[in-house]
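**Student:** After the structure tokens below, expect a handful of questions from me.
Coordinate-derived values only; no laboratory data. Keep in mind the model is a prediction, meaning the values are calculated, not measured. Methodologically, a virtual Cβ is constructed for each residue, glycine included, from the backbone with ideal geometry; neighbour enumeration extends over all protein chains shown.
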Amino acid sequence: MEAHEMAHPATVEYVGPLEHRFVVVRGRVVEYLSAIPLTTGGVSLTLDHRFRLDLSADEAERFIPFLADCMAVAAGYASHPGEEDEALPLPRFRRLHRIETASYAG
């Protein structure tokens, strides 16, 4: 066996170079979200290194601020903060309740 060959496949790989960018809404980084510009002019978003979505530039402009607010609310804040704002915590959560649906025959 030559010096550059290994008896077993390597368990560590170095993949790259990869280029990703931070996503910024209203002057603040959207945590857990990264982007790669596409040659089509759109963007490929990756959430938490696990979930990927390709969007056109117009779709991204509408969707990303909404996603940033959703993520902030899920984390217990009123919304994703702006450049001058601080993230405001939501008031204590309302009690979750079940909605019963009726089944209609007919």
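**Student:** What's the local net charge at F63, with K and R +1, D and E -1, over the other residues with C-beta under 12 Å away?
**Tutor:** Net charge around F63: -4.
**Student:** Obtain the nm distance between the two label points defined at E100 and R52 by a simple spin-label model: each point lies 7 Å from its Cα along the Cα-to-C-beta direction.
**Tutor:** 4.7 nm
**Student:** For F63 and T40 in the same chain, what is the full-extension length gain: residue separation times 0.36 nm, less their Cα-Cα distance, in nm?
**Tutor:** 6.5 nm
**Student:** Could you sort the peptides 20-26, 63-69 by per-residue average Cβ neighbour count (10 Å cutoff), highest mean leading?
**Tutor:** Going by the mean number of other Cβ atoms within 10 Å, highest first, we get 63-69, 20-26.
**Student:** What does the charge count around A78 come to, taking other residues whose C-beta lies under 12 Å from its C-beta (Lys +1, Arg +1, Asp -1, Glu -1)?
**Tutor:** Residues near A78 contribute -3 overall.
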